[in-house]
Structure formats: C-alpha cells, structure tokens
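The values are calculated or read from the model by the stated rules, or taken from the named source; none is laboratory data. Please read all numbers here as calculations on a predicted model, not as lab measurements. Ideal geometry is used to build each Cβ from the backbone, glycine not excepted, and the neighbour counts take in all protein chains shown.
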Amino acid sequence: MNFSDRRPLVRELEPMPFVHNGEQTVLLRDPLRFSNNSITLSPAAYWLVTAMNGQNSIDDIRRAFQENFSSPLDMGDIEKLVKILDKAFFLENDNFQKYKKSIIEEFRKSRIRKSSLAGASYPDDPAKVSELLDSFLAGGAARENPPFAIVAPHIDLHAGGAVFGKAYAGLRNSPAETFVILAIGHTLAEDFFTCTNKDFQTPLGSSSIDAEFLANLEKEFGEPLFEQEFAHKVEHSAEFQVLFLQKIFGGNETSRKIVPILFSFPEYMDDLHHPKFNAKRINRFSAALRKTVEQKNGKVAVIAGIDLSHMGRRFGRKEGVTPELLEKVERDDRQLLRLLADGDREVFVEFMKEVNPQNHVCGFPALYVLFDLLNGRKGELMEYRQNVEGDNDSMVSFAAMAF
C-alpha cells in the first residue's frame, strides 16, 4: 500500500495546550500511560493528528489541510509526523499492540509494584522525601482514639501535602494491621474495580500486600480480582497513600499490610445495563469487601484516596474558573462531604447525579464503596481546599476527613 493510501488511527491521547516562547503549542501524552512518551506539536501539526481517525487516508488529510490552512503541505512532512507518532506508540496499530502486550506481561510477572512517581512528584532520595512528609504531617495531630477510616486527597503533594498531613497524622496510633486503600483507577476502563497482589515499593521501603485478605475477598465476591491489575502500574491515587503509611509506620514494617483497590464507575451506575458496569455487581463487590473487613475483627483501617471537583480548561471546559464558580463548587463539595459524614448514601447518590455532570468529582466510586464499609460511623471534616492553577485556568478541590 502506498503511503498516501494509508489510514492512520491515533490512539485516544490527552492534549495539553500551553504557550512556549510566546507561541501556542500542544503537548500530547498517553492518559493510559502505556507509553511514557510525550510529543509537543504546533497547532497545525495537532490538526493533522486529529484528522488521523482511521477513516481518512493520508491523501485525504493532506488535501483537507491545504483547504483549511490555504497552505501547501509536503507529503514528506506528514510521513515524518506519522513516524514520530508510531515511535511514541501513539498509533493504534500492530506496533503498539505488540508493545502493549509486552509491558503488561512484564508487569504481570513482577512481584513488586515499583514507584511511578519518585523523582517526579516527590524526591527519590529517602531522606528528602521523609523530610518533606514530616513537614506535611506537622500540621496534623495524632488522636488518642484513631479513626476507623479517613478521606485523604490524591492530588500532587505540592498542592495537597498539608491536607494529606491532616488526614494521616490522626492514624499515628492506629492498631490496624491491614489498611484497605480505596483509590481511583484513572486508567481503568474494562471493569469497575481491580486489586493487585504486588507489594508496593517507594524510596521509603516496601509495603506488603495482605494476601490472606485478598483470598478471602475473592472467595466472598466469587470472581477474579486481578483481571485489570495493570491499571495499578502508574496509578498515583494509591501510591501517595502508601507513601504516607510508610512514613508513619516505617517503610518495611512487616506486621502492617496493605490492600489497594482501584475503582472507576459513574454516579448513574444504577441506570447501566452492562455485564460488568452495573449496580448489582458493584453492590455485590462492596458487600463482599465489607464482610472481609469485618472478618479482621477490628484490625482494619480504611483510606479513601480521592479528590473532589475538577473544573476549568484542563478538564475539558471551554472556560476557566471564575470566583462565582469557585463559590458554587465549594457549596456543592461541602454538601457532598456533609452527606458523607452523616452516612446517607441514598441522598448522596441522588445529589451526585444532580451535580456531578458539571463538577466531575472523580472520587465518587471510592466514596460510594466507603459508605458500605463505614456501616453508620459518622465523619468529621478536618480540612477543605481548592487548588487553582494558572490564571484561574483550572481547579481541583480536595479534603481531609476522619470517621
């Protein structure tokens, strides 16, 4: 097949517009993190990428570009761009599928889930990361009666570190032997949950998985737990929680184990008719998890690693965030947190159906499951914050709670 007849299909990528040296550019990266590559493109080059939808031939794309931009385009320039995309594994083709299979298999065989954020979101030097976490924890206080559960953020530490600290300081005296981490699977797409049987490694040490807990959970649920385990490979929402636990209890503490679980499902799950994403199956898993927690006879603590609302251009809105919008989002968030603190899941879900299409609370599925595990325990809000990025470009909100 001639190059001009090829119909390249670009994978679903995350575009991040920004200005560099006074010129508009677009950074492309893989939201599923199969590829760690990124590509910076001019607006014209990005237009070409959006036209590579598997339906248009290269010749179709070249002609359309020339019509839209009133500018000639050399076939060699398109070929160069296609090669760059292919090398970055940004095209849906045999090259990507072979690569994807190899890295999934490599992760499957590993006994360790290595840190994906050390050296990027936090220092990879143990002393430096320990000092950083100490500074965050200094803003909180240990509790004489440690909570059964906490809500902590999963936003980057530079933005939410102090709120992490408020949540985790209260766990210092926890008698728990197993920490169940309800986190968000930002790349989870083929099921509503996934567990992992890999120990978590960070610069502070290694945290062991509670294999017995997972075996009991699998028995109670009656289905495999690890089918989508690859989603754990680069997920930050669980890694940050493990990092704080290691700081509090010691990085290689063998008597305390972890059970990280990723969730991804919408607030309207009871309207879904899907073999995997449906309310009946979600509730069955939640009930199995609650029963498994109860079997530990009080030796479990639960952590929900969640963020709240996501607003602005970074999250698909055409406009940034205004003071009026920030005020409205805070009212919505605080109402959400009040419903969570009171334990009224039915009202919580109805409220989420009302506001979440606009507010994009990514933590919803973990909070939904948390209601089951709380079993009527009441909550206390310790901190609420909004992190506004750029010139009111985007905002993420988050909180610290104890139950």
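See the values below:
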{"read-out": "The range 35-67, residues that are surrounded by fewer than 16 Cβ atoms within 10 Å (Cβ to Cβ) and closer than 23 Å to HIS20 by Cβ", "value": "ASN36, ASN37, SER38, THR40, SER42, PRO43, ALA44, THR50"}
{"read-out": "Criterion (in contact with a helix residue (DSSP H, G or I) (Cβ under 6 Å, 6 or more places away or on another chain), at pLDDT below 95 and hydroxyl-bearing (Ser, Thr, Tyr)) met by exactly one of THR196, THR202, THR187", "value": "THR187"}
{"read-out": "Options VAL321, VAL388: the member that is β-branched (Val, Ile, Thr), in contact with a Gly (Cβ under 6 Å, 6 or more places away or on another chain) and in contact (Cβ under 8 Å) with a residue 12 or more places away in the chain", "value": "VAL321"}
{"read-out": "Test for GLU106: is it out of contact with any strand residue (DSSP E or B) (no Cβ under 9 Å at 6 or more places or on another chain) and outside any helix (DSSP H, G or I)", "value": "no"}
{"read-out": "Neighbours by Cβ (under 8 Å, 6+ apart or cross-chain): first from the range 1-23, farther than 16 Å from TYR46 by Cβ; second surrounded by fewer than 14 Cβ atoms within 10 Å (Cβ to Cβ) and among the aliphatic types (A, V, I, L, M)", "value": "PHE3/MET75; SER4/MET75"}
{"read-out": "Leading residue by the ranking (nearest to LEU157 (Cα to Cα)) among those in the range 91-107 that are surrounded by 12 or more Cβ atoms within 10 Å (Cβ to Cβ), more than 19 Å from the chain's Cα centre (by Cα) and not aromatic (Phe, Trp, Tyr)", "value": "ILE103"}
{"read-out": "Boolean, HIS158 is of a type outside the set (A, V, I, L, M) and in contact with a Cys (Cβ under 9 Å, 6 or more places away or on another chain)", "value": "no"}
{"read-out": "Unique residue being in contact (Cβ under 8 Å) with a residue 60 or more places away in the chain, under 17 Å from PHE249 (Cβ atoms) and surrounded by fewer than 22 Cβ atoms within 10 Å (Cβ to Cβ) when the list is SER116, SER130", "value": "SER130"}
{"read-out": "Any chance THR178 is under 16 Å from the mean Cα position of the chain (by Cα), in contact (Cβ under 8 Å) with a residue 12 or more places away in the chain and crowded, with 18+ Cβ neighbours inside 10 Å", "value": "no"}
{"read-out": "Residues (within 23 Å of the chain's Cα centre (by Cα), aliphatic (A, V, I, L, M) and in a helix (DSSP H, G or I)) located in the range 315-338", "value": "LEU326, VAL329, LEU336, LEU337"}
{"read-out": "Residue within the range 339-358 that is assigned to a loop (DSSP other than H, G, I, E, B), under 21 Å from ASN387 (Cα atoms) and in the same structural domain as PHE249 (by TED's automatic domain parsing) present", "value": "no"}
{"read-out": "Filtered residue count, the range 72-83, keeping only those that are surrounded by fewer than 15 Cβ atoms within 10 Å (Cβ to Cβ) and not acidic (Asp, Glu)", "value": "5"}
{"read-out": "So ASN56, is it assigned to a helix (DSSP H, G or I) and among the polar types (S, T, N, Q)", "value": "no"}
{"read-out": "ILE248 touching a Ser or Thr at 6+ places or on another chain (Cβ under 8 Å), modelled with pLDDT of 95 or more and more than 30 Å from GLN335 (Cα to Cα)", "value": "no"}
{"read-out": "Hits in the range 187-233 (condition: under 23 Å from ALA152 (Cβ atoms) and out of contact with any Phe, Trp or Tyr (no Cβ under 9 Å at 6 or more places or on another chain))", "value": "ASP199, PHE200, GLN201, LEU204, GLY205, PHE213, ALA231"}
{"read-out": "Flag if ILE61 is assigned to a helix (DSSP H, G or I), more than 27 Å from ASP393 (Cβ to Cβ), touching a residue at least 24 places away in the same chain (Cβ under 8 Å) and among the aliphatic types (A, V, I, L, M)", "value": "no"}
{"read-out": "Odd one out for ALA231 among (1) without any contact (Cβ under 8 Å) to a residue 60 or more places away in the chain; (2) within 22 Å of the chain's Cα centre (by Cα); (3) part of a loop (DSSP other than H, G, I, E, B)", "value": "(3)"}
